[in-house]
Amino acid sequence: MRRYEDKHIPVMPREVIEHLIWKKDGVYVDCTVGEGGHTLLMASVSPNIFVIGLDIDSEVLAIAEKNLSGFSNVKLFKSSYVDLPVVLKALNIEKVSGILIDLGISTYQLKAEGRGFTFNRDEPLDMRMNLEQKKTAYDVVNFYSEKELADIIFKYGEERFSRRIARSIVNSRPINSTFELVEAIRKALPPQEIRKRKRHFATKTFQAIRIEVNGELNNIENFLNNVPDLLEIGGRLAAISFHSLEDRLVKHFIKNSNKLRQIVGPIIPSKEEIDENPRARSAKLRIAERI
Ligand code: SAM
């Protein structure tokens, strides 16, 4: 087990339960169980609710297994949410009453030693959510072309210094650790830009590389395409996103679907929640109903 002494606090827990659980004897899916925070709340609404939980990260799922061991109405699977139709088929379930997806990264992934997601500690460049996957952040940082890196950092990081950062990364190769990557980013940015930024200057580039390593935006699109046919009429989708790229995908998908209708949102966390859980700061929750 890796060293990990923190706990993930579920985002907008009251709002998620209030809008997602419309039927007290339905089957619900938590597509991103993490440490099981939302799953536990969903399963606690009623013993007549059945919750299917998925996560692609076997380590975080092991924590969820422990946290949820007292619940006989929860079943967890190590699976990508992209494969939700396969999981439901194996369980002989055709339609569900609600689906939750809580995008982004779990506290475990950020804080447990050696996962390589954070610029706050010097670690090998990993950033994989699925530890069985071959491609790591090391591969992206060391083997992608300068143009590919610049495009990724621009598109997924919304970083306006993407070209300079890509050039600096290529010139600094081989880059073996998170701190070496931070240094390559630092060298690319004008000092006044570094001073000006409210968030750490490496935030956007790290986000971009993480999205690329895990194919996150493709996954979200593939997942969304499956949702309408998996929900019963009146069934709900609750989607929590943490940056504009994710939220845009969710918003447009719902808007362009003739099977879904947004009924609430975007809801943002209250000031009290952000004070208590700063990670919730950029979260947006949208609720859609199957029509
Ligand atoms: N809702 C959880 C809670 O309250 O404890 C936190 C979820 S956390 C923000 C996001 C989780 O999504 C991470 O544990 C991550 O491993 C998982 N994840 C990322 N990509 C995934 C995928 N393609 N399929 C399933 N889970 C995925």
For the stretch 1-100, what is the charge dipole size about the Cα centre, in debye to the nearest 20, if Lys and Arg each add +1 at the Cβ and Asp and Glu each add -1 at the Cβ? 200
Length added when fully stretched, S145-D126, from 0.36 nm per residue minus Cα-Cα: 5.0 nm
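Between K259 and E5, what length comes free when the chain is fully extended (0.36 nm per residue of separation minus the Cα-Cα distance, one decimal in nm)?
Values: separation 254, 0.36 × 254 = 91.44 nm, distance 4.30 nm.
Using 0.36 nm per residue and subtracting the Cα-Cα distance, I get 87.1 nm.
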Compute the signed sum of charges (Lys and Arg +1, Asp and Glu -1) over the other residues within less than 12 Å, Cβ to Cβ, of L68. -2
Could you tell me the extents of the stretch 1-157's C-alpha atoms along the three principal axes, largest first, rounded to whole Å? 53, 33, 28
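Once the other residues with Cβ under 11 Å from the Cβ of F143 are scored (Lys, Arg +1; Asp, Glu -1), what is the net sum?
Details: positive: K135, R173; negative: D139, E148.
The answer is 0.
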About the Cα centre of the chain, how large is the charge dipole given +1 on each Lys and Arg Cβ and -1 on each Asp and Glu Cβ? Please answer in debye to the nearest 20. 900
Say each of D275 and S244 gets a label point 7 Å from the Cα, pointing the same way as Cα to Cβ; how far apart are those two points in nm? 2.9
Determine, at each q value in 0.07, 0.14 (inverse angstroms), the log₁₀ of I(q)/I(0) that the Debye formula gives when each Cα of the chain is one equal point scatterer. -0.27, -1.04
Sparse-neighbourhood loop sites, trypsin sites (Lys or Arg not before Pro) in the stretch 183-265 - DSSP loop, at most 15 other Cβ within 10 angstrom: R197, K198, R199, K259
hull vol. (C-alpha, convex hull) per residue for the stretch 116-214, Å³ -> 83
Within the stretch 124-205, DSSP-loop GluC sites (Glu not before Pro) with at most 15 other C-beta atoms within 10 Å are E132, E158
Listed residues Q133, Q262, Q207, most fluctuating in the chain (Gaussian network, C-alpha, under 10 Å): Q133
Net charge near L100: determine it from the other residues with C-beta under 13 Å of the C-beta of L100, scoring Lys and Arg +1 and Asp and Glu -1. -3
Cα-based reach from K187 at 17 Å (exclusive), listing lysines while leaving out same-chain residues under 8 positions away: K196, K204
In the stretch 1-82, trypsin sites (Lys or Arg not before Pro) in a DSSP loop with at most 15 other beta-carbon atoms within 10 Å: R2, R3, K7, K24
Can you tell me the length gained on complete extension of the stretch H200 to N171, counting 0.36 nm per residue apart and subtracting the Cα distance? 8.2 nm
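Read-outs: derived from the displayed coordinates by stated rules, not from any lab. Since the structure is predicted, the reported quantities are computational estimates derived from the model, not experimental observations. Methodologically, a virtual Cβ is constructed for each residue, glycine included, from the backbone with ideal geometry; neighbour enumeration extends over all protein chains shown.
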